[in-house]
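S.K.: Following this message is one structure expressed as structure tokens.
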Amino acid sequence: MQALSPKKIAAAALALAGLCAATAAQAALNVLACEPEWQALTQELGGDKVSVSSATTALQDPHRVEARPGLIARTRRADLLVCTGLDLEAGWLPLLVQQSGNDRIERGRPGYFEAGSFVPRLDVPARLDRAEGDVHAYGNPHVHLNPHNVALVGAALARRLAEIDPANAAFYQARQADFSARWGAAMRKWEQQGAPLRGVAVVEHHKNMAYLLNWLGMKSLGTLEAKPGVEPSGAHLAGLLSQLKQQPAKMVLRAAYQDARASQWLAERARIPAVVIPYTVGADEQSRDLFALFDTTIARLAGAAR
Ligand SMILES: [Zn+2]
């Protein structure tokens, strides 16, 4: 047998190194987020060690999603599912996971992460009555619009990424520390900018701004929906309008994914601005990441309250 020349050995080693690098790139953790805010957070913490997509876009109602074939395929490949929980996805996620046949992301497994279980919850019903509409038994699930909740979820998510991918545990921990420092500074800025909003009264389309309003000390006078999940009716809007004559609101809020008509109807008659809140990452050009989402949200609220 002929001995390999040093040059050939070097070439083989290089090829092998290339192969390893390619394998490492392919081995990025596959993450499926249910909503864009958790996709963005996973990306902040996971960097190039994760490949993450979202089941929904910022222009979709996260309560209602159709399990299309492409989404089922992404679910099948996922090592980790990052969702809100608290029944937000109750209408579509259990079926999606079942259809995917991927048991690594079943509820109770490390691959199943629910953001809502790491934050203090609002609107937990004292008793359950389905006649009250699409009531969330575990409390209001729209938790991400309080940035303190994003920080809590980020810490828990970094731990989960390290658990699922222990080889990169130190990497996730370092990314988390860096994110947490930048996020903390941004929160102090937002809280300063948002100080004049304290006590400002609003009407919201659906109770999906509850955590935002609670964080900023704003007041919700009512919702365009008569009951959660039920589209606004003329009778309910007329009642709301006469209520606003007694107790005026400064603005009507809706998320970018929600239909404009009801909030425009009320805004015109009550002579107050109708404000579109991006609600989540990617709703518009100004809301490309989590930091920009809150920059935009605070700027719009402050602009309308002036
Ligand atoms: Zn909801």
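S.K.: Give, rounded to the nearest 20 debye, the magnitude of the charge dipole that segment 208-306 has about its Cα centre when Lys and Arg contribute +1 at Cβ and Asp and Glu contribute -1 at Cβ.
M.R.: Magnitude of the dipole: close to 460 debye.
S.K.: With the calculation restricted to Cα positions, what are the radius of gyration and Dmax of the chain in angstrom?
M.R.: Rg, Dmax (Cα atoms, Å): 22.9, 97.
S.K.: In nm, give the distance between the simple-model label positions of Asp123 and Ala185, each being 7 Å from the Cα along the Cα-to-Cβ direction.
M.R.: In this crude spin-label approximation the distance works out to 3.5 nm.
S.K.: Based on Cβ point charges of +1 for Lys and Arg and -1 for Asp and Glu, what charge dipole magnitude is obtained for the chain about its Cα centre, in debye rounded to the nearest 20?
M.R.: Charge dipole of the chain: 440 debye, to the nearest 20.
S.K.: Using only Cα atoms, tell me the angle between helix 6-26 and the longest principal axis of the chain; keep it within 0 to 90° and round to the nearest 10.
M.R.: Here the helix axis deviates by roughly 20 degrees.
S.K.: Taking the Cα-to-Cβ direction at Gln264 and at Lys227 and moving 7 Å from each Cα, how far apart do the two end points lie in nm?
M.R.: Reported label-point gap for Gln264 and Lys227 is 2.8 nm.
S.K.: Solvent-accessible area per residue for the chain at a 1.4 Å probe radius, Å²?
M.R.: That works out to 49 Å² for each residue.
S.K.: While we're on this one: Pop out the carbon and sulfur fraction of the accessible area of segment 195-305 as a percent, whole number, probe 1.4 Å.
M.R.: Looking at segment 195-305 in its full context, I get 51 percent from C and S.
S.K.: In nm, what is the difference between 0.36 nm times the number of residues separating Ala299 and Leu95 and their Cα-Cα distance?
M.R.: Result: 69.6 nm gained on full extension.
S.K.: Could you work out [θ]222 nm for the chain from helices alone, using -39500 (n - 2.57) per DSSP H run of at least four and dividing by all its residues? Round to the nearest 500 deg cm²/dmol.
M.R.: My calculation for the chain gives -14500 deg cm²/dmol from helical runs alone.
The values are calculated or read from the model by the stated rules, or taken from the named source; none is laboratory data. For clarity, every value in this text was computed on a predicted model and none was experimentally measured. Cβ sites come from the backbone with ideal geometry, for glycine too, and all protein chains shown count toward neighbours. Just so you know, the surface numbers come from the protein's heavy atoms only, side chains and all, with ligands and any DNA or RNA stripped out. Shrake-Rupley method; radii C 1.70, N 1.55, O 1.52, S 1.80 Å.
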